[in-house]
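Student: There's a structure below that I have some questions on.
The values are calculated or read from the model by the stated rules, or taken from the named source; none is laboratory data. What you see is a predicted model, and the numbers here were worked out from it, not measured in a lab. Please note: Cβ atoms are built from the backbone with ideal geometry, for glycine as well, and neighbour counts cover all protein chains shown. The protein model used for the area step is the full one, side chains on, heavy atoms only, and it has no ligands, DNA or RNA in it. Shrake-Rupley method; radii C 1.70, N 1.55, O 1.52, S 1.80 Å.
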2 protein chains.
Amino acid sequence: MKRHTQHCPIAGMLNIVGDRWTWLVIREAFYGASRFHEFERNTGIAKNLLADRLALLVDEGVFEKRDIGDRGTRYAYELTDKGKAMQPVLIAMLQWSNDHIYGAGRELVQVVERKTNKPLQKFQPTTKSGKRLAWSDLAITPGPAASKAVRKRLSQIPTEAGGPQQRKHAS
Amino acid sequence: MKRHTQHCPIAGMLNIVGDRWTWLVIREAFYGASRFHEFERNTGIAKNLLADRLALLVDEGVFEKRDIGDRGTRYAYELTDKGKAMQPVLIAMLQWSNDHIYGAGRELVQVVERKTNKPLQKFQPTTKSGKRLAWSDLAITPGPAASKAVRKRLSQIPTEAGGPQQRKHAS
């Protein structure tokens, strides 16, 4: 699979999870699957693709591959901390689908608080001190390691789209 | 592109955004791009792929295609409300990449509160009444429209992975 070379955190993550199968494999790991045949059965992915994706996920430190065979070799694939940290992305996807594909009252699957069985609040942006923000309060800015190209790109984003500057509307 | 047929909100969303380019196109729309050549230039995607992806995103109601030509035909692609609602997924991806690909102090791009220029809190699960939960407090449960197959699948998830039942460890 060709890799994105853009300096962008979205592109960086897509190099790891950017195909139509990988999120299903990661979903299964959150559901407790750890064996090759479990991932295969529960996603319907072809064996060769699954082998390829698992190798990439191990290489990238998302899964750890452990030999769990007592006699002979037998592997388990388990989420590392780096992999477990993908949970917000999966939940954000689930919330979007529930709202915009299925709709209220027609959800197939929900994320709930275990103790009360009640659905979560949708993700909301908040400051580090806990103040809730509107989506329109956010801006995209260069980070400490932004290259010149990234700075230039971000400077062209119109304010209303989350950027620092007003863009003239090119026609 | 073949579509996932699994009854699963993640699979449903991957049918729309599940390839290595589509999120970059959506990122560009959030950055203010609306014209074919802007998406092409800013992502590096091939023209034929871009045409295909834009058509799919319009079909799925993520983008609206508007004729903005004064003389002749000229199109703009703009995020609908359904498309704008994908922002939490993009931000969750950005936060994961910043933590797990780049690391603190080495971020290329950040999402901040516009007014203070300070980075957001990472997404946290909360109840509808605003109580913060730990990731381990969450469970995956069947929604109101869960099929028998979905119910069966979810009943097999071990408790510690977010499911309702303890699974015996198959060896």
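Student: Within the range A:1-128, what whole-number % of the accessible surface is contributed by carbon and sulfur, with the 1.4 Å probe and all protein chains included in the calculation?
Tutor: 47
Student: Ratio of Rg to Rh for the range A:59-118, alpha carbon only, Kirkwood?
Tutor: Working: Rg = 17.0 Å, Rh = 14.4 Å.
With Rh from the inverse mean 1/r over Cα pairs, Rg/Rh is 1.18.
Student: Considering only protein heavy atoms, with the full assembly of protein chains and a 1.4 angstrom probe, order B:SER34, A:SER155 by accessible area, largest first.
Tutor: Per-residue accessible area, sorted high to low, gives A:SER155, B:SER34.
Student: While we're looking at this one, here's another question. Restricting everything to alpha-carbon atoms, can you work out Rg to Rh for the range B:10-139 with a Kirkwood hydrodynamic radius?
Tutor: Working: Rg = 17.4 Å, Rh = 16.9 Å.
Rg divided by Rh gives 1.03.
Student: Something else about it: For the range A:52-67, take each phi angle, set θ = phi - 60°, evaluate the Karplus expression 6.51 cos²θ - 1.76 cosθ + 1.60, and give the result in whole Hz per residue in order, putting x for glycine and proline.
Tutor: Listing the rounded values in order: 5, 5, 5, 4, 5, 5, 5, 3, 8, x, 8, 10, 10, 9, 10, 7 Hz.
Student: Mind running the shape call on the protein assembly as shown? Use the C-alpha gyration tensor, a ≥ b ≥ c as the square roots of the eigenvalues: rounded below 1.5 for a/c, prolate if a/b tops b/c, oblate otherwise. Intermediate results must be reported in sequence, preceding the final value.
Tutor: Details: a/c = 1.59, a/b = 1.51, b/c = 1.06.
Since a/c reaches 1.5 and a/b is larger than b/c, the shape of the protein assembly as shown is classed as prolate.
Student: Separate question: Quick one: 3J(HN,Hα) in Hz for the range B:120-128, Karplus 6.51/-1.76/1.60 with θ = phi - 60°, rounded, Gly and Pro as x.
Tutor: Taking θ as phi minus 60°, the curve returns 6, 5, 5, 4, 10, x, 9, 6, 5 Hz for the range B:120-128.
Student: Based solely on its DSSP helices, what 222 nm [θ] is calculated for chain B when runs of n ≥ 4 H residues each add -39,500 (n - 2.57) and the sum is averaged over all residues, nearest 500 deg cm²/dmol?
Tutor: -10000 deg cm²/dmol
Student: Hey, what do the phi angles of the range B:102-114 turn into as Karplus ³J(HN,Hα) couplings, whole Hz, using 6.51/-1.76/1.60 and θ = phi - 60°, x for Gly and Pro?
Tutor: 8, x, 4, x, 10, 5, 7, 9, 9, 9, 10, 6, 4
Student: Compare A:LYS152, A:LYS122 by solvent-accessible area with a 1.4 Å probe and give them largest first, with all protein chains kept in place. Walk me through the intermediate numbers first.
Tutor: Working: A:LYS152 135, A:LYS122 105 Å².
Order by accessible area, largest first: A:LYS152, A:LYS122.
Student: What nm distances, shortest first, do you get from the label point of A:ARG151 to those in the other copies when the point sits 7 angstrom along Cα to Cβ?
Tutor: Spelled out, the distances from A:ARG151's label point are 6.0 nm.
Student: Amide H to amide H, which residues 5 or more places from A:ILE157 or on other chains are under 5 Å from it, using H placed in the peptide plane?
Tutor: Those qualifying (amide H under 5 Å, at least 5 residues apart or on another chain) are A:GLN165.
Student: Follow-up question, since we're still on this one. Put a point 7 Å out from Cα along the line to Cβ at A:ALA51; what are the distances to that point in the other copies, in nm, shortest first?
Tutor: 3.7
Student: Taking amide H positions as placed in the peptide plane 1.01 Å from N, state which residues far from A:PHE63 in sequence (5 or more) or on other chains have amide H under 5 Å from it.
Tutor: A:VAL58, A:THR80
Student: Could you give, in nm with one decimal, how far B:GLY69 is from each other copy of that position, shortest first, with labels 7 Å out from Cα toward Cβ?
Tutor: Result for B:GLY69, in nm, nearest copy first: 6.4.
Student: Still on this structure, I have one more. Counting heavy atoms of the protein chains only and a 1.4 Å probe, report the per residue accessible area for the protein assembly as shown as a whole number of Å².
Tutor: I get 50 Å² per residue for this part.
Student: Residues with amide H under 5 Å of B:VAL109's amide H, sequence separation 5 or more or different chain, H placed in the peptide plane at 1.01 Å from N; which?
Tutor: For B:VAL109, whose amide H was placed from the backbone, the distant partners under 5 Å are A:GLY143.
Student: I'd like the distance separating the alpha-carbon centroids of the range A:1-31 and the range B:99-154, in whole Å.
Tutor: After rounding, the separation between the Cα centres reads 17 Å.
Student: Using a Cα-Cα cut-off of under 16 Å, which lysines could be cross-linked to B:LYS128, ignoring same-chain neighbours fewer than 8 residues away?
Tutor: Within the straight-line cut-off, B:LYS128 pairs with A:LYS115, A:LYS118, A:LYS122, A:LYS131.
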